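Q: Submitted below is the structure of interest, expressed as structure tokens.
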Amino acid sequence: MLQVNRRPKSLLDVKMHYCPGCGHGIVHRLVAECLDELEVASRAVGVAPVGCSVFADHYFACDMIQGAHGRGPAIATGIKRSKPECIVFSYQGDGDLASIGMAETVHSAARSENITVVFINNSIYGMTGGQMAPTTLIGQPSTTSPKGRDVKVNGYPIRVCELLSQLDGARYLERTSVHTAAHVIKTKKALKKAFQNQIDGKGFSMVEVLSMCPTNLAIAPKDNAKFIAEKMLPVYPLGVYKDADAPAAGGK
Amino acid sequence: MPEIKIDEMRCKGCELCVTACPKQCIGMSDVFSVTGYYPAKFSKPEACTGCALCAQICPDLAIEVYKEEPVKK
Ligand SMILES: Cc1ncc(C[n+]2csc(CCOP(=O)(O)OP(=O)(O)O)c2C)c(N)n1
Ligand code: SF4
Ligand code: SF4
Ligand code: SF4
């Protein structure tokens, strides 16, 4: 018999601590597959965030640094500038990247740092127990908005891809999802491009992945997948928001 | 016949593979695993096409998919 799928070598053979149905495990596997297939694992350096994926350094079989909350892109900047031969990625949740770390996100994109950012948008703070994130939907309950996010009090959700697409330094921005197997396959393609861009020296590349946090949405994983399809997709449309390689809109 | 192997020590019973399988080959066990979950089980092997969509969605890399070697002509 032929084995169709194999655990990527860039992912250590250990059990991950994530909750049942959490999207982090899926995206970890995809990132590791990219490192394998692009043959960059031996010179890859990952930056783990603060958030549920704080232990990502226990899972990836490449060099890893665990950064302070939200500072991933700044740390990745330092690593990449001092060791340009390394393939550097920052892996971050939405609290980490779009709240406390928004300045680092925006400025690393504006500087067009040649790094790859993997951004997990699960619409909530996972690790700390389900507080409202910048990405929490209007009306979505969280422990800090028990009656649902109220725009009068809490403002509006932030669309990070759209926001960064205004910056000339952002070279590749795509939003994908992992709520179905077909979307997982598309996410892999996007991640691979985001890493290939770095290999080719193209500058700041980010993939935003809509993902499940069933524990803090307090729903079953399959219902979290449905929540993404029905509630998140209309607010966070999937697609490529920036591709410096693509011909400019409107053509010549 | 294609087949899948579910590692009960890794499976956390999230059921995402159940919804991902286009052939409804996967069900859930009603017996607790050692790790304390109701794991997925390969309940309809005869329908499996080896498409590996179940393994694509599994967050815990608990599924291995096998297919017959292609016949060389
Ligand atoms: C400086 C600092 N402020 C606040 C915290 C508390 N804290 C830990 S994780 C987290 C947010 C995690 O949410 P997210 O980035 O969305 O990741 P997830 O856990 O959902 O993957 C916060 C606020 C901290 N550890 N350090
Ligand atoms: S709390 Fe949410 S994000 Fe954190 S491991 Fe559990 S499901 Fe994943
Ligand atoms: S390989 Fe495809 S058909 Fe077989 S169990 Fe998995 S999803 Fe179902
Ligand atoms: S997707 Fe993986 S962890 Fe979830 S039930 Fe299926 S085999 Fe178990």
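Q: Can you tell me which residue is farthest from A:Phe227 (Cα to Cα) among those in region A:28-42 that are away from every other protein chain (no Cβ under 14 Å) and in contact with a strand residue (DSSP E or B) (Cβ under 6 Å, 6 or more places away or on another chain)?
A: Applying the filter and picking the extreme gives A:Val40.
Q: Within the group A:Val50, A:Val14, which residue is more than 11 Å from chain B (Cβ to nearest Cβ) and either assigned to a loop (DSSP other than H, G, I, E, B) or among the β-branched types (Val, Ile, Thr) (or both)?
A: Every option except A:Val50 fails the conditions.
Q: Here is a further query. Which members of region A:90-145 meet the condition of being at positive phi and either in contact (Cβ under 8 Å) with a residue 60 or more places away in the chain or open to solvent by less than 10 Å² (accessible area, probe 1.4 Å) (or both)?
A: A:Ser112, A:Ser123, A:Gly129, A:Gly130
Q: Please find, within region A:53-87, the residue that is surrounded by the most Cβ atoms within 10 Å (Cβ to Cβ) out of those that are among the charged types (D, E, K, R) and within 16 Å of the chain's Cα centre (by Cα).
A: Per the criteria, the residue is A:Arg71.
Q: Quick one: what pairs do we get from region B:49-71, first residue farther than 7 Å from B:Pro2 by Cα, second open to solvent by 30 Å² or more (accessible area, probe 1.4 Å) and part of a helix (DSSP H, G or I), C-beta under 7 Å, 6+ apart or different chains?
A: The qualifying pairs are B:Gln56/A:Ile185.
Q: For region B:14-45, give me each residue that is within 15 Å of A:Lys222 (Cα to Cα) and within 16 Å of ligand 2 (Cβ to nearest atom).
A: Hits for region B:14-45 are B:Cys14, B:Glu15, B:Leu16.
Q: Looking for whichever is under 13 Å from the mean Cα position of the chain (by Cα), outside any loop (DSSP other than H, G, I, E, B), β-branched (Val, Ile, Thr) and over 22 Å from A:Pro234 (Cβ atoms) here; the options are A:Val153, A:Val118. Which one fits?
A: Every option except A:Val118 fails the conditions.
Q: Still on this structure, please answer the following. Which of the residues spanning region A:129-161 are under 23 Å from A:Ile219 (Cα atoms) and among the charged types (D, E, K, R)?
A: Result: A:Lys147, A:Arg149, A:Asp150.
Q: Please work out if A:Gly25 is within 16 Å of ligand 4 (Cβ to nearest atom), free of Cβ contacts under 8 Å to residues at least 12 places away in the same chain, within 12 Å of chain B (Cβ to nearest Cβ) and buried (at least 24 other Cβ atoms within 10 Å of the Cβ).
A: Here the answer is yes, as A:Gly25 does meet what is asked.
Q: How many residues does region A:87-123 hold that are within 10 Å of ligand 1 (Cβ to nearest atom) and more than 14 Å from every other protein chain (Cβ to nearest Cβ)?
A: Residues in region A:87-123 being within 10 Å of ligand 1 (Cβ to nearest atom) and more than 14 Å from every other protein chain (Cβ to nearest Cβ): 14 in total.
Q: Identify all residues within region A:28-44 that are in contact (Cβ under 8 Å) with a residue 24 or more places away in the chain and more than 20 Å from A:Ile199 (Cβ to Cβ); write none if there are none.
A: Within region A:28-44, just A:His28 meets the criteria.
Q: Here's another thing I want to ask about it. For region A:204-224, how many residues meet the condition of being assigned to a loop (DSSP other than H, G, I, E, B) and open to solvent by less than 10 Å² (accessible area, probe 1.4 Å)?
A: Adding up the residues that qualify gives 3.
Q: Take the residues in region A:179-203 that are hydrophobic (A, V, I, L, M, F, W, C) and surrounded by fewer than 22 Cβ atoms within 10 Å (Cβ to Cβ), then tell me which one is farthest from the other protein chains (Cβ to nearest Cβ).
A: Here the answer is A:Ile199.
Q: OK, next. Can we say B:Val18 is under 21 Å from A:Thr180 (Cβ atoms) and in a strand (DSSP E or B)?
A: Judged against the criteria, B:Val18 is not a match.
The values are calculated or read from the model by the stated rules, or taken from the named source; none is laboratory data. Since the structure is predicted, the reported quantities are computational estimates derived from the model, not experimental observations. Here the Cβ is made from the backbone with ideal geometry for all residues, glycine too, and neighbour counts use every protein chain on show. Just so you know, the surface numbers come from the protein's heavy atoms only, side chains and all, with ligands and any DNA or RNA stripped out. Shrake-Rupley method; radii C 1.70, N 1.55, O 1.52, S 1.80 Å.
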